[in-house]
1. Just the number, please: Stokes-Einstein D of the range 19-80 in µm²/s, Kirkwood Rh from C-alpha pairs, 20 °C, 1.002 mPa s.
2. What does the C-alpha gyration tensor say about the overall shape of the range 47-197? Classify as rounded when a/c is under 1.5, otherwise prolate if a/b is larger than b/c, or oblate.
3. Per residue, how much accessible area does the chain show when a 1.4 Å probe rolls over the protein heavy atoms, in square angstrom?
4. Using only Cα atoms, find the angle between the long axis of helix 214-224 and the longest principal axis of the chain, and express it within 0 to 90 degrees, rounded to the nearest 10.
5. Got a sec to turn the phi values of the range 165-170 into Karplus ³J(HN,Hα) couplings, 6.51 cos²θ - 1.76 cosθ + 1.60 with θ = phi - 60°, whole Hz, x for Gly and Pro?
6. With a/c under 1.5 counting as rounded, go ahead and sort the range 2-115 into rounded, prolate or oblate using the C-alpha gyration tensor (a ≥ b ≥ c being the square roots of the eigenvalues; past the cut-off, prolate if a/b is larger than b/c, else oblate).
7. For the chain, calculate the relative contact order in percent as a whole number, restricting contacts to Cα pairs under 8 Å that are 6 or more residues apart.
8. Points 7 angstrom from Cα along the Cβ direction at residue 323 and residue 164: gap in nanometres?
Amino acid sequence: MSRFVERHPAWALISIIAIAVGLWLVFAIWPPGLEEAIGRKRVFLNAVFNGITLGGLYFLVASGFTLIFGLMRNVNLAHGSLYLFGGYVGYAISTATGSWVLGFIVAFILTAMVGVLLQLIVFRRMEGQDLRQTMVTIGLSIVFADLMLWACGGDFYQIQTPNWLIGPMELPLVTAIKSSGEPVYLRYPMVRLVIFAASVVIGVAMWLVLNRTRVGMIVRAGVDDRDILAATGVRIQLVFVAVFAFGAGLAGIAGVVGGTFQSLSPGEDIRFLLASLVVVIVGGMGSIPGAALGALIIGLAEQLGSVYIPTYAIVVTFLIMVLVLAIRPQGLLARR
């Protein structure tokens, strides 16, 4: 980041100003003229928090994708199918048992098992063959989509939020001032805040494991020079299978999250695959902090765009990607 500031001081200054303006818009009491210009502050804050929590969901999907694609150099374009499969599994388990948490556990395990099969049957036979991996996983994603359509139909499904997470939470952010002088505070769904907090915990844990433990050292060494690492006696293929399974399991967990505060339907696999690609490109290949930053930027852009420029909301996301590729092609926080 310091190098980026040195090489692009103008863009760094623009970024700082944008962050400062954003913080003022969130915490300050808006003057009447501003509300007349861009609308009520409550709408703006809801869009911001929707973008942040959507960013948490994108991070869960993209962090698994960046492990598989960015670290292991496996081009898995069936990653979106793992998301949708995990969501359907979570819906089935939570509906059958009434346990939302059990849906997460089973979705993680089953999706991780599918990831193990993909690694053993597909990617181990095509190591270093990016084009073949791309074509095969595109074909697999089409097959998976048709199988899930056959099994689950074309209906929309939503996972029931547990009772202990139903309802809003009052946040210390003033949205308006009543005529009596009493402040009105923002109320936001508790389930979204809890899920976002969980995604932060998962992200921090992943970064610590990859950068501060022996397991992380083995994974990074295996990516850089697997032959030398294998010569030391490490069973590198077993490590890669475990990492692939974990990345796939994260996609399954994200599917349950998405099914809880959005919905599950055919086509969501493609949507989240594209979102993962954009997040990884913006944040940087193989970087967990990069995936977090990219997910936050893309989530905010989507939600703020859908509120203020709904016609061009999807264009904003790809404009951000193009801008990052033009200024910093390796991503904002690319792994060195």
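The values are calculated or read from the model by the stated rules, or taken from the named source; none is laboratory data. Because the structure is predicted, anything quoted here is derived from the model rather than measured. All Cβ positions, even for glycine, are placed from backbone atoms using ideal geometry, and neighbour counts span all protein chains on display. These accessible areas exclude ligands, DNA and RNA; they are computed on the full protein's heavy atoms, side chains included. Shrake-Rupley method; radii C 1.70, N 1.55, O 1.52, S 1.80 Å.
1. Taking Rh from Cα pairs, D becomes 149 µm²/s.
2. prolate
3. Ligands and nucleic acids excluded, the figure is 50 Å² per residue.
4. 70
5. Going residue by residue, I get 10, 7, x, x, 10, 7 Hz, with x marking Gly and Pro.
6. Working: a/c = 4.02, a/b = 1.54, b/c = 2.61.
The shape class here is oblate.
7. On the way: 497 pairs, mean separation 108.2, N = 336.
With pairs under 8 Å counted, the relative contact order is 32 percent.
8. 4.2
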